[in-house]
Each structure stands twice: as C-alpha cells, then as structure tokens.
Amino acid sequence: MPQSLVFVTGNANKLAEVQAILGDAVPSLTSKALDLPELQGTIEEITLDKARRAAEEIGGPVIVEDTCLCFNALNGLPGPYVKWFMKELGHDGLNKMLAAYDDKSAQAVCTFAYCAGPGKEAILFEGRTDGKIVPARGPTFFGWDAVFEYEGKTYAEMEKAEKNKVSHRGKALDKLKAWLAENHH
C-alpha cells in the first residue's frame, strides 16, 4: 500500500462514495482538486492521460476516475462527455436525446487509473453496469443518478450501500482494491 494515495477530484459526492467502497483497503486516501486539461478520445485514453498529468502535478501516487454514460441507441454517446451534456441539458435533456429511439438501454462505465508517480505507467480498472435511461426519479443532486435505472430502481433511489455493490464505480474500485492488495503488501 502506498504511504498515501491522492484521489484527484473536486467532487465531494464522488470522494465519499470512493471512501465508502475502498474502506480500510486505502486508509490514507486524500483528495485534491486539480484543473487538468482533458484529452478528447476513448475512455481509456482520457483516463490514462489524466493519471499521468495528475501524478506529475502531485509528485506521487494518484488515482483518477472518468465516468461515462453510454446510450446504446447513440453508439455510446454521450460517453465521456456526459458531464458536459448533463451541465447543459440536465436530466430532462438526457431523456429527450433518446426520444426518437425505442432503445433506452445504456451502460454506466467507470474507469479508474492508478499511477505510482511521475514517469510511471498508469494502470486501468474498469467497471460497467447495464441499465436504461428513465425520467428522473429520486434525489437529483448527484450527476445523472436519477435517470439511470438498474433492475427497477434508479441509482438515486438506492441506498448508498446498495448502489455501491452494483454500480460501475463499485465494480471498478473492487478491481483496484484487489490489485492494491496484491501489489502493495
């Protein structure tokens, strides 16, 4: 386990969720908001680039995350750009994007990257959850959780512990946790 690990995020909701999922596996997790330029590209390219830049700026081990919402009817869009779509269109706008399509299925994708420090290679950990896009239900304060439905409930309607077990973020962090346990005794 690294002496300390910095999660590069300015999102308090994400930090709380990551701390809850990682628990004792990373007792020294802190966060830092960095304004990093975001590469345009695939989920993997974006996350690897972000990890390298963050490790350079922090000067030590970091984890970064990129979250995507991929509409199957739109061949994976808005994908890694969902943050901007959400900011401009809101929950209702995300639904309207699929109005012309019968297929409302979507994938929530979370990709974490761990980078041991400047000049080191970053390692990816990805989690995916299949669901569908529905009109907003539940609290609307955490991104697009209120419009992503998994097995009859939106993420926003789930208890935090329930969501963390089935979510894209939980799946990616389970892989990261296992890797850290194996590689940092």
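The values are calculated or read from the model by the stated rules, or taken from the named source; none is laboratory data. Bear in mind that the values here come from a model prediction, so they are computed numbers and not experimental data. Every residue, glycine as well, gets a Cβ built from its backbone with ideal geometry; the counts of neighbours run over all protein chains shown. In case anyone asks, the SASA skips ligands and DNA or RNA and just uses the protein heavy atoms, side chains included. Shrake-Rupley method; radii C 1.70, N 1.55, O 1.52, S 1.80 Å.
Annotations
- For Asp145, the conditions (1) touching a residue at least 60 places away in the same chain (Cβ under 8 Å); (2) within 13 Å of the chain's Cα centre (by Cα) are fulfilled apart from (1).
- Tally of residues being over 24 Å from Asp35 (Cα atoms) and free of Cβ contacts under 8 Å to residues at least 60 places away in the same chain across the range 55-76: 6
- Residues (among the charged types (D, E, K, R), more than 26 Å from Trp179 (Cβ to Cβ) and touching a helix residue (DSSP H, G or I) at 6+ places or on another chain (Cβ under 7 Å)) located in the range 116-144: Arg137
- Residue within the range 25-36 that is in contact (Cβ under 8 Å) with a residue 60 or more places away in the chain and of a type outside the set (Asp, Glu) present: yes
- Residue in the range 45-61 that is at pLDDT below 95, in contact with a helix residue (DSSP H, G or I) (Cβ under 9 Å, 6 or more places away or on another chain) and not small (Gly, Ala, Ser) present: yes
- The one condition from (1) within 19 Å of Ala172 (Cβ to Cβ); (2) among the hydrophobic types (A, V, I, L, M, F, W, C); (3) without any contact (Cβ under 8 Å) to a residue 24 or more places away in the chain that Val82 does not meet is (3).
- Taking the range 107-125 as the range and being among the small types (Gly, Ala, Ser) and more than 16 Å from the chain's Cα centre (by Cα) as the test, the residues that pass are Ala116, Gly117, Gly119, Ala122.
- Evaluation of Lys177 against (1) closer than 17 Å to Cys70 by Cα; (2) touching a residue at least 40 places away in the same chain (Cβ under 8 Å) (one fails), failing number: (1)
- Flag if Asp66 is assigned to a helix (DSSP H, G or I), among the acidic types (Asp, Glu) and either under 23 Å from Tyr155 (Cα atoms) or open to solvent by less than 50 Å² (accessible area, probe 1.4 Å) (or both): no
- The set of residues in the range 14-43 being open to solvent by less than 70 Å² (accessible area, probe 1.4 Å), out of contact with any helix residue (DSSP H, G or I) (no Cβ under 9 Å at 6 or more places or on another chain) and closer than 21 Å to Gly127 by Cβ consists of Leu15, Thr42, Ile43.
- For Thr140, the conditions (1) among the β-branched types (Val, Ile, Thr); (2) in contact with a strand residue (DSSP E or B) (Cβ under 7 Å, 6 or more places away or on another chain); (3) under 22 Å from Met158 (Cα atoms) all hold with the exception of (2).
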